[in-house]
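Participant: This is the structure I have questions about; it appears just below.
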Amino acid sequence: MNSAIETMLKHRSIRKYKDTPLSEEEIGTLVKAAQSASTSSNIQAYSIIGIKNPETKQKLAELAGGQSYVAHNGHFFVFCADLYRHQVVGEMEGKDVTESLESTEKFMVAVIDAALAAQNTAVAAESMGLGICYIGGLRNNLPEVSKVLNTPDRVIPLFGLTVGHPDQDPEVKPRLPYGHMYFEEAYNPERTSFEAGLHEYNETVSSYYKERTGGKRADTWTGQMAEMLSRPQRMYMKEFVQGKGFDRQ
């Protein structure tokens, strides 16, 4: 096993950082790593906004649900789906690209491109001894986040990424069983084996929480997921996305 794979298998979210800003060199390295990610047809349909200003971080922390580590970290990156530059490209070249930019396909391309770039950033950061945590809470209030970040139409902030020097050392959280996640040739929805894999994972997750909390928690994964999914969240999203010029076709 090489060092890159070892780094990926040791991933855990870090939610407490030392009060040490990333250097310009570190930031530049991470952005270059992001740009090296695969991108559909070289469209590069994403942008990254870096946040250093403590007041801006604090505002975004509040909008993300009061997550303190959004305000206190080495650097905060926001990954955006971005088709604004492609609108400009169409105008520069005298081509009507509106139908394409407003298609569901190009919306998916932009989201996937941003996610690939972010994961490159995450792996690069962890290989440098830094810690990371993804912040989906920005989607709690994207209209306000968009105002803070001054994102125009055809640009949507998707999620944040805190990066910094870790000030904690949490355990790696167990993932779903290999056989429940990986199928060969075709998906296997057979219910008995499907539920067996979930029961197996519930036992693993419950043991993880018991050990981590000294017996105060014994959550199961299916219990967590069912509770979360029974309370729909961010149901404004379709209207917001379409209002920003995405996913209209």
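Rule-based calculations on the coordinates, nothing more; no lab input. On a predicted model such as this, the values are computed, not experimentally measured, just so you know. In this analysis, Cβ positions are derived from the backbone assuming ideal geometry, glycine residues included, and neighbour counts consider all displayed protein chains.
Participant: What's the FRET efficiency of Asp219 with Arg175 using the Cβ-Cβ distance as r and R₀ = 22 Å, to the nearest 0.05? Don't skip to the answer; put the middle values down first.
Facilitator: Details: r = 15 Å, r/R0 = 0.69.
Efficiency for this residue pair is about 0.90.
Participant: Mind scanning Lys16/Lys57; Lys59/Lys238; Lys18/Lys173; Lys32/Lys52; Lys59/Lys210; Lys106/Lys238 and naming the pairs with a C-alpha gap bigger than 26 Å?
Facilitator: From the list (Lys16/Lys57; Lys59/Lys238; Lys18/Lys173; Lys32/Lys52; Lys59/Lys210; Lys106/Lys238), the Cα-Cα distance tops 26 Å for Lys59/Lys210.
Participant: How far is helix 24-35 tilted, in degrees, relative to the longest principal axis of the Cα atoms in the chain, given as a value from 0 to 90 rounded to the nearest 10?
Facilitator: Approximately 90 degrees, to the nearest 10.
Participant: Can I ask one more? Angle check, please: helix 84-93 long axis (alpha carbons) against the longest principal axis of the chain (alpha carbons), in degrees 0 to 90, nearest 10.
Facilitator: 30 degrees
Participant: Let me ask something else about it. Take the Cα pairs of the chain, get the Kirkwood Rh, then feed it into Stokes-Einstein at 37 °C and 0.692 mPa s and tell me D in µm²/s.
Facilitator: Values: Rh = 20.2 Å.
So the translational diffusion coefficient is about 163 µm²/s.
Participant: Quick check on the exposure proxy: order Leu101, Leu116, Leu176 from fewest to most C-beta atoms within 10 angstrom.
Facilitator: On the way: Leu101 22, Leu116 18, Leu176 15.
Exposure proxy ranking, most exposed first: Leu176, Leu116, Leu101.
Participant: I'd like the distance between the alpha-carbon centres of region 45-103 and region 126-181, rounded to an integer number of Å.
Facilitator: Cα centroid to Cα centroid, the span is 13 Å.
Participant: May I pose another question? For a bin width of 10 Å, list the pair-distance distribution of region 1-67 built from all Cα-Cα distances, rounded to whole %.
Facilitator: Pairs per bin, as whole percents: 14, 32, 41, 13, 0.
Participant: Still on this structure: Less than 14 Å Cβ to Cβ from Ala115, Lys/Arg counted +1 and Asp/Glu -1: what total charge do the surrounding residues give?
Facilitator: Values: positive: Arg139; negative: Asp82, Asp113.
Taking every other residue near Ala115 into account, the sum is -1.
Participant: Using DSSP to define loop residues, name the GluC sites (Glu not before Pro) in region 1-85 whose beta-carbon has at most 12 other beta-carbon atoms within 10 Å. Before the final figure, lay out each step's value.
Facilitator: Working: sites: Glu6, Glu24, Glu25, Glu26, Glu55, Glu62; in loops: none.
For GluC sites (Glu not before Pro) across region 1-85 that sit outside H, G, I, E and B with at most 12 neighbouring Cβ atoms in 10 Å, the list is empty.
Participant: Give, rounded to the nearest 20 debye, the magnitude of the charge dipole that region 178-218 has about its Cα centre when Lys and Arg contribute +1 at Cβ and Asp and Glu contribute -1 at Cβ.
Facilitator: Details: 5 positive and 7 negative charges, 100 e Å.
For region 178-218, the charge dipole is close to 480 debye.
Participant: Tell me, Val123, Val172, Val89 in order of fewest to most beta-carbon neighbours within 10 Å? Intermediate results must be reported in sequence, preceding the final value.
Facilitator: Numbers: Val123 17, Val172 10, Val89 14.
With the fewest neighbours first, Val123, Val172, Val89 line up as Val172, Val89, Val123.
Participant: Of all GluC sites (Glu not before Pro) in region 177-217, which ones are in loop regions per DSSP and have a Cβ with at most 13 other Cβ atoms within 10 Å? Intermediate values should be presented prior to the final figure.
Facilitator: Details: sites: Glu184, Glu185, Glu190, Glu195, Glu200, Glu203, Glu211; in loops: Glu184, Glu185, Glu190.
Taking region 177-217 and a limit of 13 other Cβ atoms within 10 Å, the loop GluC sites (Glu not before Pro) found are Glu184, Glu185, Glu190.
Participant: Considering the options Ser193, Gly179, Ile156, tell which one lies farthest towards the positive end of the dipole of region 154-203, charges being +1 on Lys and Arg and -1 on Asp and Glu at the Cβ, about the Cα centre.
Facilitator: Value computed over the given set: Ile156.
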